[in-house]
Amino acid sequence: MYSHPYFDLYLHDDDELGALLGSPVCQRQTLQEWPLSCVQRIATTDGQKHIYKAQHAPTVEPEFYAAARSGLLVSAQTIYRAGAYSAMLIEEIEAPTLEQLNLPEAEILEIGQGLLQQIAGIEGQLPYYLDIATEPKWRLWMGEVLSAQKRLVEAGIFQRVRPEDLAQLERCAFSEDVLRTFRAGTGYVHHDLAGGNVFMLPDGPRVIDWQRPILGPTNLDLALLLESLGFDPFPHVGEGIVWLMRLLRIGWFTECAVEWFPEGQETYDRQIAELIMLTARE
């Protein structure tokens, strides 16, 4: 294996992949990469096609595919797991994504509601990255996020986020609109249900990218899908879910700034400040 030239990732070389697949690699194309993962398309001389995905923690995707059973999923196998590092071979799907189909809002809403039911029906002891399935768990986790943000502001690491912004963030996080979402139906949430992660096949959709699913209000997935495709989720899920979606993003950016990618602190500072401002305007 070799180290990624920019990020803390380990990848198999062509010879290693060829030995695993039983045929030499003839094509290798990077599809996307960022500090926590690198995704490539692999083709071999005997005609095999796979998606190769090298990851760094935090991710539960290897455990998810090992445990989950559903027609909603593609086939996948973990070929490397050591501490914070993992690598997987995932089935390549030759079908359009929801993002590519440019469907009307009503049809996307219907598909999204169907996806919520299918996600709820996935069988197995499913792993999750975060549990905010109840109001007390949400309060505990959000309190930790606010404390971390306060430390970043006081240390001068965050300069766009101000103390008064944190007060606004706390009011939003514990508002009745947000707290009500935990009484309206919680369960397993994909938490990255973007249009580019949903492939539409004749026999039904397939959903990829299960790195960090959570336990929480299930309408989060519907909001994320609608937003990713350029539709306003508010009329369909309500204000509380929209705020919760943004608060979870703020929590993730905060976590990345503290633990996973401190080099990006300036960017996370700006993104969090923009999300807080957006919430304040509403």
For the range 146-202, what percent of Cα pairs sit more than 20 Å apart? 55
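Under a Cβ-Cβ cut-off of 10 Å, what is the net charge of the residues other than Gly230 that fall near it, where Lys and Arg count +1 and Asp and Glu count -1?
Values: positive: none; negative: Glu99, Glu105, Glu227, Asp232.
Residues close to Gly230 contribute a combined charge of -4.
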Against the empirical 2.2 N^0.38 Å scaling, what ratio does the C-alpha Rg of the range 6-82 come to? 1.14
Which residues in the range 224-263 have a backbone N closer than 19 Å to a point placed 7 Å from the Cα of Gln118 along the Cα-to-Cβ line? 224-229
By how many degrees, 0 to 90 and rounded to 10, does the Cα axis of helix 219-228 deviate from the longest principal axis of the chain? 70
What residue among His56, Trp34, Trp138 has its Cα farthest toward the positive end of the dipole of the chain, where the charges are +1 on Lys, Arg and -1 on Asp, Glu, each on the Cβ? Trp138
Can you give the calculated 222 nm mean residue ellipticity of the chain, where each DSSP H run of n ≥ 4 adds -39,500 (n - 2.57) and the sum is split over every residue, rounded to the nearest 500 deg cm²/dmol? -12500 deg cm²/dmol
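Given contacts defined as C-alpha pairs under 8 Å and at least six residues apart, what's the relative contact order of the range 98-281, whole-number percent?
27
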Could you work out the local net charge near Leu275, counting Lys and Arg as +1, Asp and Glu as -1, over the other residues with Cβ closer than 9 Å to its Cβ? +1
Report the dimensions of the range 187-282 along its three principal axes from the alpha-carbon atoms, largest first, rounded to Å. 45, 30, 24
Can you tell me the mean projection area, over all orientations, of the convex hull of the chain's alpha carbons? Units nm², please. 15.4
Just how large is the dipole of the chain about the Cα centre, in debye to the nearest 20, putting +1 at every Lys and Arg Cβ and -1 at every Asp and Glu Cβ? 500
Put +1 on the Cβ of every Lys and Arg and -1 on every Asp and Glu Cβ in the chain; which of Gly47, Leu103, Leu247 then has its Cα farthest towards the positive end of the dipole? Leu247
Please report the net charge: other residues with Cβ closer than 13 Å to the Cβ of Leu220, K and R +1, D and E -1. 0
Using only Cα atoms, find the angle between the long axis of helix 163-173 and the longest principal axis of the chain, and express it within 0 to 90 degrees, rounded to the nearest 10. 80
Please state, rounded to one decimal and in Å, the Kirkwood hydrodynamic radius that the range 226-282 gives when every pair of distinct Cα atoms enters the mean of 1/r. 12.2
Quotient of Cα radius of gyration and Kirkwood radius for the range 16-140, i.e. Rg/Rh, equals 1.02
Size of electric dipole in the range 2-91: Cβ of Lys, Arg +1 and of Asp, Glu -1, about Cα centre, debye, nearest 20: 260
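None of the figures in this text is laboratory data; all of them are computed from the coordinates on show. Owing to the predicted nature of the structure, the values given are computational and were not obtained by experimental measurement. Note that each Cβ is placed from the backbone with ideal geometry, even for glycine, and that neighbours are counted across all protein chains shown.
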